[in-house]
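Take a look at the structure below.
Please treat every number below as a calculation from the coordinates, not as lab data. Here the structure is a predicted model, which is why all the values come from computation and not from measurement. We place every Cβ from the backbone using ideal geometry, glycine too, and count neighbours over all the protein chains shown.
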Amino acid sequence: MDRNETVLRELNLYPLWQRRGAPAQTGTATTVGAIHESPEQAGAVRNVGAIHESPEQTSAVTTERAIRESPLRDMDWPELKRQVRDCTACRLRAGCTQTVFGVGDEQAEWLFVGEGPGADEDAQGEPFVGQAGKLLDNMLLAIKLRRGKNVYIANIVKCRPPNNRAPEADEIATCLPYLNRQIELIKPRLIVALGKTAATALLERDATLGSLRGTLHDFNGIPLIATYHPAYLLRS
């Protein structure tokens, strides 16, 4: 097993990405064929293969009605960024330096979603800029992607929780509409939820990360996979 395959397995993107010419995986396949290959990605093809469909795919994760009724539904990027910048809707804003909106290609096909900003992110105003961010960048390079090019990176909450604790349920509920609107604007072809908090918030179900990995989930018609947060991999 080479280094790239090891990284893909850790990200739970193997065999979603498979080297061209490799034998196809058997089993029920749910392809993500609408994700286009860039010239840099010519060494890989997408094949979900052994990743099984989620039984929850028959129902919408976040209802269309909730999205239609959201006051954010008509906001464009500049309006949404201003709204997030000025937001004081929950207690997290009082304890952080600034909001961390997200970064990357606003028409990206790949959306990576983490839990929330840490100390480095709070200081710089950009998600995944600490050691976990460096590891994520290396993981992206292993699959011929890079930050800002066909990739967008965001978090479930936009403000740093105190002492890097996990965001609480009411904080997630307050902030999640911002991410939902970002997803509407980006229209990604694939969402990668990094860690349990991101996965359970987007899928609206309480489950272990282990039970969510290895399954292709559905988020309002967009394929979603759950994998480890880079910070967890650094601790392992």
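Put a dot 7 Å past the Cα of residue 107, heading toward its Cβ, do the same for residue 164, and the two dots end up 3.7 nm apart. Ordered by the count of other Cβ atoms within 10 Å of each Cβ, fewest first, 228, 178 give 228, 178. Compute the Cα gyration tensor for region 110-236, then decide on rounded, prolate or oblate, letting a ≥ b ≥ c be the square roots of its eigenvalues: rounded whenever a/c is under 1.5, prolate when a/b is larger than b/c in the other cases, and oblate in all that remain. Taking the square roots of the gyration eigenvalues as a ≥ b ≥ c, region 110-236 is rounded.
If you stretched the chain out fully between residue 204 and residue 97, how much longer would it get, using 0.36 nm times the residue separation minus the C-alpha to C-alpha distance? Additional length available on full extension: 35.6 nm.
Net length available on complete extension from residue 124 to residue 141 is 3.9 nm, with 0.36 nm assigned per residue and the Cα-Cα distance removed.
For region 132-139, backbone phi angles converted through the Karplus equation (6.51, -1.76, 1.60; θ = phi - 60°) give residue-by-residue couplings of 5, x, 5, 5, 4, 4, 5, 5 Hz, Gly and Pro being listed as x.
When both region 96-154 and region 170-194 are represented by their alpha-carbon centers, they are found 14 Å apart.
What is the sum of charges around residue 167, taking Lys and Arg as +1, Asp and Glu as -1, for the other residues whose C-beta is under 11 Å from the C-beta of residue 167? Net local charge, residue 167 excluded: 0.
Pairs from the list 134/187; 81/144; 81/187; 149/196; 149/187 with a Cα-Cα gap above 23 Å: 134/187; 81/144; 149/196. A straight chain from residue 173 to residue 236 at 0.36 nm per residue would run longer than the Cα-Cα distance by 19.7 nm. Packing, as the average of other Cβ atoms within 10 Å across residues, places the peptides 194-207, 163-176, 106-119 in the order 106-119, 194-207, 163-176, highest first.
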